[in-house]
Amino acid sequence: MPVATIVWEGGRPGHVRMIDQTLLPTQYVVLDVRTVEHMFDGIRRLAVRGAPAIGVAAGFGLLLGVQHLDERDPDDVLGRVRETAAYLAKARPTAVNLFWALERMLARATRDHAARRAIVDGLFEEARAIFDEDCAICRKIGEVGAALVRDGATLLTHCNAGGLATADFGTALAPIYAATAQGKRVAVFADETRPLLQGSRLTAWELMQSGIDVTLITDNMAARVMYEGKIDAVFVGADRIARNGDTANKIGTYGVAVLAREHGIPFYVCAPLSTFDEKIENGSQIPIEERDPEEVTHGLGRRTAPEGVKVYNPAFDVTPARLISGIVTEVGLIERPTRERVEAALRRGGRLP
Ligand code: MRU
């Protein structure tokens with residue numbers, strides 16, 4: 001595990017310690033997050049980001065909001081849990097892990113309330129379980145994905161789906177860490193990932209911390225390195241996967257998938273089952289976050305566009321399932337995903353009856 005991205009510190013009461021990812025790679029600052037408002041702000045401004053880490057942050061954030069409540073009025077506690085979950089759900093719209101974690105916490109509170117058990121104690125267990133399970137799932141994704149990585153392979157990744165995006169060592173980067181631990185030689189090309197540069201600021205930083213051979217390219221160089229025959233496979237993460245396998249991930253991922261298809265390069269998505277949204281039939285139904293135009297007009301710390309220019313800044317795009325060679329999950333590889341194959345995996349993982 002290269003970095004402790006987000007952890008719960010102390011018992012009850014306790015607080016969250018998490019890396020402020022907006023400051024990497026030039027400053028390594030760990031935030032002490034003690035209120036739900038502070039956590040909301042951290043998620044919104046991407047201090048903590050990446051779908052699984054956002055899920056963990058949501059569980060811990062809910063705890064921050066309710067851990068001091070007096071349990072003598074269980075109806076009041078349940079009401080406050082619902083309000084706090086509704087508040088956190090507004091932090092960001094695309095990564096479904098946020099809603100998945102909040103629904104899981106709410107379901108636990110509702111069960112404990114009905115059984116007259118202490119609600120906040122149960123929420124502590126649930127948030128801890130979300131964290132622990134994410135660690136175990138990253139390891140499993142690493143194991144399944146490493147089988148797709150041959151000795152001497154060079155892989156391309158987009159955005160950051162590594163340790164900084166999860167409780168453990170990532171999703172898309174997990175097969176790279178696992179294959180390296182198995183003694184395979186693996187090199188990585190990291191797309192810098194405009195506009196917020198998660199690839200250069202986070203992926204390049206984290207891979208270098210782990211001694212992995214990483215080469216940084218700007219997004220518009222991906223076609224060239226593929227054309228030059230430098231890339232054996234693409235590994236990316238996901239923010240939300242529809243029932244038919246269509247996958248939302250960081251803006252630019254769709255373009256990389258199109259390029260990979262053109263060059264006959266396998267394109268793998270790595271994601272836990274918590275990133276699947278079984279309520280959504282296909283990718284057109286995935287809400288896409290639009291962010292502040294300043295992220296585009298002030299890309300490199302100073303104005304890089306004319307004052308008053310119109311800007312469109314979607315933070316994610318959707319890669320159609322037909323461009324995906326496989327989805328690596330904790331219950332195995334979903335090869336050439338289709339609705340039937342996604343549903344079978346969700347059933348294996350207990351997400352569908
Ligand atoms: O806007 P971000 O940085 O939260 O976007 C993150 C991504 O798109 C990741 O690839 C995705 O969440 C998977 S993280 C394991």
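No value in this document is a laboratory result; all are computed from the given coordinates. Not measured: the values here are computed from a predicted model. Positions of Cβ are backbone-derived with ideal geometry, glycine not excepted, and every protein chain shown enters the neighbour counts.
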Asserting the computed 222 nm helical MRE of the chain (DSSP H runs at least 4 long, -39500 (n - 2.57) per run, divided by residue count, to nearest 500) equals -11500 deg cm²/dmol
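Sorting Val331, Val188 on the 10 Å Cβ count, fewest up front, what's the list?
Details: Val331 19, Val188 22.
In order of increasing Cβ crowding within 10 Å: Val331, Val188.
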Between the Cα axis of helix 339-348 and the main Cα principal axis of the chain, the angle (0 to 90°, nearest 10) is 50 degrees
Rounded to whole angstrom, the alpha-carbon centroid of region 77-113 lies from that of region 167-230 at a distance of 33 Å
A correct Karplus calculation of ³J(HN,Hα) over region 307-318, with 6.51 cos²θ - 1.76 cosθ + 1.60, θ = phi - 60°, whole Hz and x for Gly and Pro, returns 3, x, 5, 6, 10, 10, 9, x, 8, 9, 9, 10
The exposure ranking of His15, His38, fewest beta-carbon neighbours within 10 Å first, is His38, His15
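Over region 6-138, what is the mean sequence separation of C-alpha contacts under 8 Å (at least six apart), divided by residue count, expressed as relative contact order in percent?
22 percent
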Taking every DSSP bridge whose two residues both lie in the chain, the antiparallel percent to the nearest 5 is 50 percent
Placing +1 on each Lys and Arg Cβ and -1 on each Asp and Glu Cβ in the chain, then taking the dipole about the Cα centre, the residue among Pro13, Ala147, Thr203 whose Cα reaches farthest towards the positive end is Ala147
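Can you figure out the FRET efficiency of Val7 with Arg348, using R₀ = 22 Å and their beta-carbon distance, to the nearest 0.05?
Values: r = 30 Å, r/R0 = 1.36.
Once the sixth-power term is evaluated, E becomes 0.15.
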Most exposed first, judged by fewest Cβ atoms within 10 angstrom, Arg92, Arg194, Arg261 run Arg261, Arg194, Arg92
Rg/Rh over Cα atoms for the chain, Kirkwood Rh, comes to 0.97
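If you put +1 on each Lys and Arg Cβ and -1 on each Asp and Glu Cβ, how big is the dipole of the chain around its Cα centre, in Debye rounded to 20? Intermediate values should be presented prior to the final figure.
Values: 42 positive and 46 negative charges, 99 e Å.
That gives a dipole near 480 debye.
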Taking Cα pairs closer than 8 Å and at least 6 residues apart, the relative contact order of the chain in percent is 15 percent
Any lysines whose Cα falls less than 26 Å from that of Lys230, other than same-chain ones fewer than 8 residues away, would be Lys184, Lys250
The Kirkwood hydrodynamic radius of region 49-118, taken as the inverse of the mean 1/r over all distinct Cα pairs, in Å, comes to 12.2 Å
